[in-house]
Amino acid sequence: MEQIRRVGVMAPHEALLWAPRKHVDYSLICEPHEIGAFVDQRIILEMTTCARASRHPSKKGRIIIRARDTGGREHRLTAFGDLRFSEWNDVPVGQSLMISVKPSEFSGEIYLHGPEIVPQKWIGRVMPVYAGKPRVVSSETVGAAVAQALEDPNAHVDALIAIRQSFGGLEEIDILKRAGTGGSLAMLLDGLHRPASIEHATWAMDAARALAAAYVLYEAERAGQRPLRLQTTIRINDADINRMIGSLPFRPTTGEESQEAAIHAICHSLGQPYAMDAILTADVGVGKTLCYMVPAVASQATGAKVAVLVPNTLLAEQIAGEFRSCFPECPVSLITDATRKETVQWDQNPVLIGTTRLFSVARKAMWHPNLLVIDEQQKMSVEQRAELCNDDTNVLEASATPIPRTVAMLRYGGKERIVVSKRHAVQDIRTYVVGTEHRGRMFDMLKKVVAAGQQVAVIYPRVEANGEGDSASVVAAGASFEKLCPGQVVVLHGKMSTEEKIEAMALAKSGQRSIIIGSSIIEIGITIANLRMLIVVSADRYGVSTLHQFRGRLARHGGWGAFFAYLPNEVDEDTAARIQLLAQTNDGFELAELDLLQRGFGDLATESNDTSGRSRTLFRGIDLMPQDFQ
């Protein structure tokens, strides 16, 4: 149990809520004369090795095993893998084994495929196989923890209580009814971890999936039932809102799904006697900062405490500058690593704008905001978001591509959505997914863009080279581009000091450098007005939401832009399909939903970035798809 604590499993019963990723049926034990009746089915045969396993003479990655069944017939079996690391490498000649195989028939002859040595303890049984967490805990460790929990007479009872507790103490029969499944919770747990048959295991996995989906819906329903709390109310009248909008140095968009409509909607929600739990879905480039800036400043003017949490220092600097420019009378404190020596003037009740350093500053001052704005929610964990809040905190999240849990909450209740889609200027952004065959044409376009006096950004997945000859890094590529275009290149990455980053960004924003070679640091919110072309090298290394944020840096003030998702190496079919989603739509929320349909909600228990064990779904290891909620 000690090792599994690293992923937040702190008690034996919690191991029983870790669902297997699959079950292997070792229950069908056959005699040699019965093989023909089980063609294309997994069976178990007792066999004795006739020779040591060997590598295939001509086909790499194949292992040849010769074994004799109890009827005296010798079989030539083929396994896959590297013999050095295979379980077959240690099997001596004459060893009697129970082997799992899949028979096939061809021209009247029986052939055996996919040989696997059956572990002694699982002979005649169905074996659960668990998924671990890469580089944290192995699948074997998870299996051992589950086996240990099964020996604890209290763990089974505690797991049943934990499931009921997750549903607010509902009776078991009501929980099963919500999930639309029969049986009992005890049968379900047994079917997951010690099934009587493969049919029992299959039923248990389906029931666990249904129960996990029912729990997400229950949580959404519960979140929608916010308690009445007068202390959450921040009253802002329409006259003040209109006066503030009128004082801006520019005109916000108006009409349906506009900046002005979003400002009024946020202020209206703040005036309700319920803690706000809303998301502002505003696509990249539509100006979502203004949508929360006006309510934030208006809230501060009423005496409310306001914080704006952002992913990085550059964006914090940019947003603080926009607040000060638009509303110079509103006190603002910038909270980043670069401002550690500056003192917050708490008596002025400033709007705090900062990175995760906000947590330590607020904790030290025992300060909780009445309004917390989280810009680009996918960059903050559930626990980080909760750390600043108390029961009276109004929370407004802002994102172009919401995280899976938020999409689930929006679909099934419990979260308010405020939409901004109207743009100040018309954009024409073209997306290209290209491989090495189009590399020459892509770089020809880069040269033309630079020659026309416009700017290009090239994003690399690594800051520094892995070794000599590695050019797929920010530092190496920056040096190469500088040789080709001396005096036109600026390099920007997360390992630079804050001062270096600010200086590099100033060169890019001012247009003094035409080519920006960077890391993912420029992903969120950064505005480079003349940026017309952006290339992401090894685009398969990034998620869809990150790639969309990169694309959102283009043509911020309107006009054309070209986005290239460059794949220098071959990718698998699923990855290619994921990257191609970008070519289907430029709408961030639609992209989030397409990604959801393709990949599902994922294991919602892993949404937290830490290992506190606060499970956001009922079972670890259950990947929920939208169809699970039908």
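Data overview
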quantity	calculated
Separation of alpha-carbon centers, the range 219-283 and the range 285-325, rounded to whole Å	14 Å
Between 0 and 90°, nearest 10: helix 259-270 axis offset from the chain longest Cα axis	80 degrees
Rg/Rh (Cα only; Kirkwood hydrodynamic radius) as it applies to the chain	1.04
D (Stokes-Einstein, µm²/s), Kirkwood Cα radius, the range 230-420, 1.306 mPa s at 10 °C	96 µm²/s
Anisotropy class of the range 491-573 from Cα gyration tensor, a/c 1.5 cut	oblate
With every protein chain in place, the range 28-122: carbon and sulfur % of accessible area (1.4 Å)	48 percent
Accessible area per residue in Å² at 1.4 Å probe, computed on the chain	46 Å²
Anisotropy class of the range 153-302 from Cα gyration tensor, a/c 1.5 cut	prolate
Charge context of R226, other residues only, Cβ under 12 angstrom, K/R +1, D/E -1	-2
Exposure of R324 as accessible area (Å², to 10), given a probe of 1.4 Å and all protein chains	110 Å²
Stokes-Einstein D for the range 514-559, Kirkwood Rh over Cα pairs, 37 °C, 0.692 mPa s (µm²/s)	296 µm²/s
Largest-first ordering by accessible area, 1.4 Å probe, given options E482, E260, E171	E171, E482, E260
Cβ charges +1 (Lys, Arg) and -1 (Asp, Glu), total dipole of the range 230-420, debye	320 debye
Relative frequency of Cα-Cα separations exceeding 19 Å in the range 46-194, percent	68 percent
Accessible surface of the range 230-420, 1.4 Å probe, proportion on carbon and sulfur as whole %	47 percent
Structure-based [θ]222 nm, the chain - -39500 (n - 2.57) summed over DSSP H runs of at least 4, per residue, nearest 500	-10500 deg cm²/dmol
Cα gyration tensor shape of the range 427-586, rounded if a/c is under 1.5, else prolate or oblate by comparing a/b with b/c	rounded
Carbon + sulfur, % of accessible area of the range 427-586 - ligands and nucleic acids excluded, 1.4 Å	47 percent
For the range 110-145 versus the range 440-456, the gap between their alpha-carbon centres in whole angstrom	53 Å
Radius, Kirkwood style, for the range 1-118 when every pair of distinct Cα atoms is counted (Å)	16.3 Å
All lysines inside 20 Å of K415 as judged from Cα atoms, apart from same-chain residues fewer than 8 positions distant	K288, K379
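The values are calculated or read from the model by the stated rules, or taken from the named source; none is laboratory data. All figures in this text were calculated on a predicted structure; none of them were measured in a lab. Note that each Cβ is placed from the backbone with ideal geometry, even for glycine, and that neighbours are counted across all protein chains shown. Only protein heavy atoms, including side chains, enter the accessible area calculation; ligands, DNA and RNA are left aside. Shrake-Rupley method; radii C 1.70, N 1.55, O 1.52, S 1.80 Å.
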